[in-house]
């Protein structure tokens, strides 16, 4: 006949993969009944519809059948009461801070169509290749394109402590409204306050874990969402994206003034679509004319971090959801210049239940 201590010790080996703690210490094991060689475990889930229900049952069976005298195992499920769930959340949250983010940097431009999302994605890819832990908060609520570039889909998972971001093939953590809808082309017809609230939730309720850099892909312009992010987020600074032509430069200068008025540091300027290299001749063409980015940098009192090319291969891989397969020296240089301008702060270890 197995003893209570044997059963409890075996149950200590069963880990809830969302909370990354054993079910005994998490207070999920409500009762253990032993009758001869039969063991019954009453387990309280955070919610009755927990998607890990069957997984936990299998793990409990495996753990208890490893005890020599156990012949039959029964697992009964109940749900935690709201006070029990809150107590669990408070206990875990007070024990250790969940998110530890070294630098929070927004990528912004006053104008749409300048390649802000693709530049954010490729900067994240280049930083990841250099060994940094990186995440992307897609704040472009009504025009989210980050999931498409990486070929990732939802739905996102959530637990009692918050929302889990989706990871790309290389381990970049991403949250976006397009990961929360059934159809990626579904239109989000939301008013400004709802969109701003969603962006706040992405910052407050997502379990980012330990990151060296979290990049915020802002929508174009100086809208409500941009203002919300710049006022509510503890930004280390912003990266401004422009293109060579004068009109783009004029509009980007508006974001320079916005950043200055909000006292957000401008960490650097990136000029996208700067030039095109003909694949057959290797000759360079400045398709959008001479650069006006130097004037922006002078106005912003910030360095130019990179001049990025027009490359059809990048667009092709982005459309295929394979942006992580793209390589170009310009993006490697951008990541190096970015890390030099925004050196990572070594964050403390994240909570053990969050990778």
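The values are calculated or read from the model by the stated rules, or taken from the named source; none is laboratory data. Note that the structure is a prediction, hence the values are computed from the model and not measured. Cβ atoms come from the backbone with ideal geometry, glycine included; neighbour counts cover every protein chain shown.
Numerical summary
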quantity	calculated
Given (1) at pLDDT 90 or above; (2) within 15 Å of residue 119 (Cβ to Cβ), number of the condition residue 302 does not satisfy	(2)
Any hit, segment 263-270, residues being farther than 15 Å from residue 109 by Cα, modelled with pLDDT under 85 and exposed (fewer than 14 other Cβ atoms within 10 Å of the Cβ)	yes
Scope segment 296-324; condition surrounded by 15 or more Cβ atoms within 10 Å (Cβ to Cβ) and in a helix (DSSP H, G or I); matching residues	296, 297, 299, 300, 314, 317, 318, 323, 324
Among the residues listed as 26, 64, 56, the single one being within 29 Å of the chain's Cα centre (by Cα) and either part of a helix (DSSP H, G or I) or in the same structural domain as residue 159 (by TED's automatic domain parsing) (or both)	56
Tally of residues being modelled with pLDDT under 80 and either assigned to a strand (DSSP E or B) or closer than 24 Å to residue 102 by Cα (or both) across segment 175-199	4
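So that you can scan it fast, the table gives a plain yes or no per residue for (1) surrounded by fewer than 18 Cβ atoms within 10 Å (Cβ to Cβ); (2) more than 14 Å from the chain's Cα centre (by Cα):
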site: 118; (1), (2): no, yes
site: 124; (1), (2): no, no
site: 128; (1), (2): no, no
site: 131; (1), (2): yes, yes
site: 136; (1), (2): no, no
site: 139; (1), (2): no, no
